[in-house]
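Please read the structure below before turning to the comments.
The values are calculated or read from the model by the stated rules, or taken from the named source; none is laboratory data. Values in this document were obtained by computation on a predicted structure and should not be read as measured data. When we count neighbours, we look across all protein chains shown, and the Cβ atoms used for this are built from the backbone with ideal geometry, even at glycine.
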Amino acid sequence: MSVASGGSASSLTERARAASSSSRPDDDATLRFNRVDGGGDGRKGAIPVYVMLPLDTVSRDGRLQRVDALSAQLARLASAGVAGVMVDVWWGIVERARPMEYDWDAYLQLASIVGSLGLKLHAVLSFHACGANRDDDYHVPLPSWVTDAVNRDPDGLLFMDRAGTRSDEYISLFADDSPMPMLATPIDCYRDMMISFRDAFREYISPPNAVVDEILVGAGPCGELRYPAYAMSRGWEFPGVGEFQCYDRRALESLAAAANAVGRPEWGGAGPHDAGSYNSHPDDTDSLAAADTPVGRWDSDYGRFFLTWYSDELVSHGERVLTAAREAFDGVGARLAIKCAGIHWWYRTRAHAAELTTGGRGIGFGGSGYDKIMALCKRSGASVTFTCAEMADKEHTPFHKCGPEGLLRQVVNAAERHGVEISAENALFRCDGDAFRQTEKNCGANVVGDAGTSRAARMHSFTFLRLCDTLMEEGNFAEFAKFVRNMSAGAAGGSE
């Protein structure tokens with residue numbers, strides 16, 4: 001087992017004690033979307049394509065799985081012009097045994113294989129559990145010692161909905177700076193693992209021949225900066241609006257303090273009482289209904305207070321995570337990034353109900369929570385990866401008011417306003433020609449002109465979800481290879 005350590009003196013001391021006693025970029029830089037560098041043959045506007053590896057690439061006991069088959073698939077991807085691959089680096093695998101003991105062997109082996117094929121690696125530092133959502137065919141829990149700590153204080157460390165149901169996907173953001181029983185704070189834990197990653201992967205993240213060229217820092221469920229407002233493990237089904245996650249002990253303390261600060265203590269006892277349940281539609285509720293509404297709903301004084309607080313707390317969490325990342329990776333050549341979810345259902349309503357429960361859209365800051373997130377990324381020198389790039393509005397049932405194309409444009413425009421690079425992923429596995437052509441359109445492939453035109457600004461890169469046997473089938477792979485060529489063609493090319 002590889003053991004690496006690092007972190008602040010206080011963090012290391014506290015966590016080392018716990019292990020022994022437990023039974024278990026700068027702001028002035030202007031970033032442009034129509035970059036010349038990137039994948040393909042380096043032509044202007046080329047959009048490099050990455051491929052997400054299977055969730056179980058590394059086993060729960062820290063072994064790289066199916067090495068020969070994986071190596072052959074990676075070689076085939078390289079021959080098709082793919083720039084690299086993305087992998088989840090699971091907290092529950094790397095630091096599974098006890099605090100401050102890290103097992104990087106499988107991921108170092110993967111980096112070696114990827115580099116030998118001339119590919120790049122995007123590492124997602126996944127501080128969440130896997131297994132709660134669609135297409136999660138693999139289960140990776142949080143580290144057992146974290147679970148032990150959570151069991152000692154479940155009401156203070158896990159997100160909770162109005163009915164008292166807890167989410168075990170990700171530690172509550174309201175506990176970021178609160179010591180877990182017998183352990184350091186969650187932010188200290190994240191920082192220490194990032195420092196250990198930096199030290200273990202130094203030869204793979206140092207220029208000029210770095211293999212790891214991007215580090216995505218997990219900041220929530222599915223690695224995305226959002227609340228766990230929807231999860232199939234808790235009964236959610238598309239297109240339910242989800243539920244606000246603000247009922248754990250520390251969340252309620254924060255809400256009460258915010259309400260007292262604005263002189264309305266009566267607003268601080270709980271979240272909206274009339275926001276429905278996970279599978280409600282907007283007009284089934286009072287808080288999230290699309291029409292003009294009286295006091296008590298989302299566009300009332302109370303609604304604006306609550307939603308701004310809820311969104312701001314999410315952005316503050318992102319700031320704490322990215323601050324830790326900057327401390328860990330200062331001077332490292334790899335690009336930092338965070339992921340944001342494409343919550344596209346009910347987008348074409350006034351309330352944007354599903355975005356409200358996930359925290360991605362606050363009433364403050366010009367009406368867009370994405371502006372707050374982009375401003376955060378600008379301050380932190382991080383880029384953004386956004387989902388649903390394969391989707392078209394017309395593919396969805398009109399009643400569900402889905403707007404993936406408009407949502408993507410909104411997020412891209414927010415990124416452009418703040419000078420932040422943006423990349424894209426598909427939300428659902430598809431390898432048909434229609435999905436690939438829609439992705440090319442949404443990513444701005446083969447569109448000549450500067451960012452900010454009527455079509456989506458050119459993405460910095462695109463990651464395809466995900467590598468599997470179905471993708472490797474001859475017909476599917478032929479479509480995929482054509483897609484990679486089109487994305488890599490840049491301004492000099494055209495869609496085949």
### Task
Quick one: count up the residues across the range 85-100 that are surrounded by 21 or more Cβ atoms within 10 Å (Cβ to Cβ), of a type in the set (A, V, I, L, M) and either modelled with pLDDT under 95 or assigned to a strand (DSSP E or B) (or both).
4
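Can you spot a residue in the range 265-279 that is more than 16 Å from T349 (Cα to Cα) and of a type in the set (D, E)?
Scanning the range 265-279 turns up at least one residue that is more than 16 Å from T349 (Cα to Cα) and of a type in the set (D, E).
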### Query
Across the range 339-378, which residue is surrounded by the most Cβ atoms within 10 Å (Cβ to Cβ) among those that are at pLDDT 95 or above and of a type in the set (D, E, K, R)?
K339
### Message
List the residue pairs whose Cβ atoms are under 7 Å apart, where the first residue sits in the range 294-317 and is among the polar types (S, T, N, Q), the second is modelled with pLDDT of 85 or more and not in a helix (DSSP H, G or I), and the two are 6 or more positions apart or on different chains.
### Response
S311/G359
### Query
Taking N426 and the conditions (1) among the polar types (S, T, N, Q); (2) at pLDDT 95 or above; (3) over 17 Å from the mean Cα position of the chain (by Cα), which numbered condition does it fall short on, given that it satisfies the others?
(3)
### Message
Scan the range 387-394 and tell me whether some residue there is of a type in the set (S, T, N, Q), touching a helix residue (DSSP H, G or I) at 6+ places or on another chain (Cβ under 7 Å) and part of a loop (DSSP other than H, G, I, E, B).
### Response
no
### Query
Any residue in the range 217-227 that is part of a helix (DSSP H, G or I), among the aromatic types (F, W, Y) and touching a Leu at 6+ places or on another chain (Cβ under 9 Å)?
no
### A492 being surrounded by fewer than 20 Cβ atoms within 10 Å (Cβ to Cβ), modelled with pLDDT under 95 and over 20 Å from E224 (Cβ atoms)
yes
#### Entry: Qualifying position, being crowded, with 20+ Cβ neighbours inside 10 Å and of a type in the set (D, E), among D137, D103, D68, D61
D103
### Long-range neighbours under 7 Å by Cβ, at least six apart or interchain, first residue farther than 22 Å from A83 by Cα and polar (S, T, N, Q) within the range 438-462, second at pLDDT 50 or above and surrounded by fewer than 21 Cβ atoms within 10 Å (Cβ to Cβ)
none
### Query
Are any residues in the range 101-139 part of a strand (DSSP E or B), touching a Phe, Trp or Tyr at 6+ places or on another chain (Cβ under 7 Å) and either aliphatic (A, V, I, L, M) or farther than 22 Å from F462 by Cα (or both), and if so, which ones?
L125, C130
### Message
Residues to consider are A78, A18; find the one that is at pLDDT 95 or above, in a helix (DSSP H, G or I), over 24 Å from the mean Cα position of the chain (by Cα) and surrounded by 15 or more Cβ atoms within 10 Å (Cβ to Cβ).
### Response
A78
### Message
Being in a loop (DSSP other than H, G, I, E, B) and at pLDDT 95 or above narrows it down to one residue among D199, D177, D188; which is it?
### Response
D177
### Query
Quick one: what pairs do we get from the range 252-263, first residue closer than 18 Å to L158 by Cα, second at pLDDT 95 or above, C-beta under 6 Å, 6+ apart or different chains?
S254/F174; L255/G268
### Message
Name the residue that is surrounded by the fewest Cβ atoms within 10 Å (Cβ to Cβ), counting only residues in the range 163-174 that are of a type outside the set (V, I, T) and not in a loop (DSSP other than H, G, I, E, B).
### Response
R166
### Per-region count, the range 233-248, residues over 22 Å from S178 (Cβ atoms), surrounded by fewer than 24 Cβ atoms within 10 Å (Cβ to Cβ) and in contact with a Phe, Trp or Tyr (Cβ under 9 Å, 6 or more places away or on another chain)
7
